[in-house]
Each structure stands twice: as structure tokens, then as C-alpha cells.
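Right, one structure below, let's go through it.
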Amino acid sequence: MSKLKPEYYQNTDAIFLAQDLLGKILFTRKNGEVTAGIITETEAYFGTEDKASHAYGGRRSSRTEAMYQPGGFSYVYLCYGIHHLFNIVVSKEDDPKSVLVRSVEPYKGLEIIRKRRNMAVTDKAVSSGPGSASKALGIDMSFNKKSLTGDEIWIEDSGLLYGSEDITSTPRVGVAYAQEHALLPLRFYLKNNRYISKNK
DNA sequence: TAGTTGATTCACT
DNA sequence: GTGAATCAACTAC
């Protein structure tokens, strides 16, 4: 197992990274407690041309500022006032592409995850869906704009390799307002894994 | 300065 | 299957 290097995230192809990140392991350290989950579902957001992205048209604000960082940083966004959505910023500085982590499979610190979620880790809902996955790993606004190569939050290569036959792509979820971009197959997940958010 | 809305989840019927 | 929770950013005055 090895921590992914900054160069990995500098790839300008967000769609490739969204697929490649499947099967890798996301770690967080909070209050000295380490938890981790295998990434089982992602979505690609390809920047200023993507109507579903917060950075569409080059919009820039205190919220989207995180996406303009160089690849290898985190972007945590509070949605519906309740849910923390965790994004991996990719590409170069000022090129706001990102990969949204939609769900993970509990991997480490299961008891901590259970307490955070107040449900059994064997329950599929414990980490399926962007809000749940973030909560399971203890991700909140304090993880916004963190380097993914530091020691608070990082990603390791599990060594598990998934071929294209293990990956399924579908249209993204919950972005119908993005018009024609809502239909692009930019959502990716591992086949035969129970820890994915429900199809829509 | 005020009104609208969303990259959602959970509890309830 | 339906609806509430809840707030920062966006849009319009």
C-alpha cells in the first residue's frame, strides 16, 4: 500500500481519475482516530464547461475557491444545510475539476464508523451516498481545502486492480438542472459491490 | 438586503 | 412513497 502522490492528482483528465480512484482507499484521521473506506462510487466534474459543477463558467466564490487549488486537495461542501459532500480536486491550479466520492465500503475503524453513524457497519446505508460516506469517515468542513498528501486525510493505493469490466458508468444523480450535461455517463461504480447509492 | 434552491438523507405513512 | 431538515451561494432588487 502506498499513499498517492501529488502528481497523480495533477492529471487533467477528471473522467479517467474518477474511474481509477475506484478501489483505492480513503483515510481520515480525526481526534487521533483513523478510519478508512474503499472508494466504490465516484462522479467526475470536469470544470468550467460542466453545467453541473459549482465552477461552471469560471464562477469563483469563497465556497468554490477550494476547487481552484492544484490537484491533490480536498473540497468539502455543505449541501441542503445538512450533508457534507467530499470532493477530490484534480488537475492544475485554476482548473476547477473534481471527483465526487459518492460512497465507500468500510475498511478500517469500523467501531468508530458505527458510533458516528449510530448503525451497524454491516448496514449498507452506513456509507452509501455522498452524505453518508462523509459522515462515516468523519468528514466535515474542517476537512475542506486539506492536502490529500498530509496526515489528516489521504488516499492509498490498495494494490487491488479493477479492470474496465468491473466498472459501470451511468448518468450522474441529482443534477437534472444541468440540462444536457445531466445525461453524460460520468458516474462510476464497482459492479457487485453493495456499498453504492441507489440507482435513480 | 431578501428570496430561492440544491452534487441529500432519514423518519414516517 | 412522501416530506422535513437547514444553510451557503446565487439571483434579483
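Here are a few things to note about the model shown:
- In chain A, the alpha-carbon atoms span a convex hull of 112 Å³ per residue.
- Centre separation in Å (Cα based) which lies between the range A:1-62 and the range A:86-159: 10
- Estimated from helices alone, the mean residue ellipticity of chain A at 222 nm is -3000 deg cm²/dmol (sum of -39500 (n - 2.57) over DSSP H runs with n ≥ 4, per residue).
- Going from the fewest other Cβ atoms within 10 Å to the most, the residues A:Glu165, A:Glu111, A:Glu41, A:Glu33 appear in the order A:Glu165, A:Glu111, A:Glu33, A:Glu41.
- Put in line by how crowded their Cβ is, counting other Cβ atoms within 10 Å and starting with the fewest, A:Thr122, A:Thr35, A:Thr64 read A:Thr122, A:Thr64, A:Thr35.
- Straight-distance crosslink candidates among lysines, where the alpha carbon sits under 20 Å from A:Lys145 and sequence neighbours closer than 8 are dropped: A:Lys3, A:Lys5, A:Lys30, A:Lys92, A:Lys97, A:Lys135
- Cβ crowding within 10 Å ranks A:Ile15, A:Ile113 as A:Ile15, A:Ile113, fewest other Cβ atoms first.
- Value of relative contact order over chain A, rounded to a whole percent, pairs C-alpha under 8 Å and six or more apart: 28
Where a number appears in this text, it was derived from the coordinates with a stated rule and is not lab data. A quick note: this is a predicted structure, and the numbers were derived from the prediction, not measured. Every residue, glycine among them, receives a Cβ derived from its backbone with ideal geometry; neighbour counts consider all protein chains shown.
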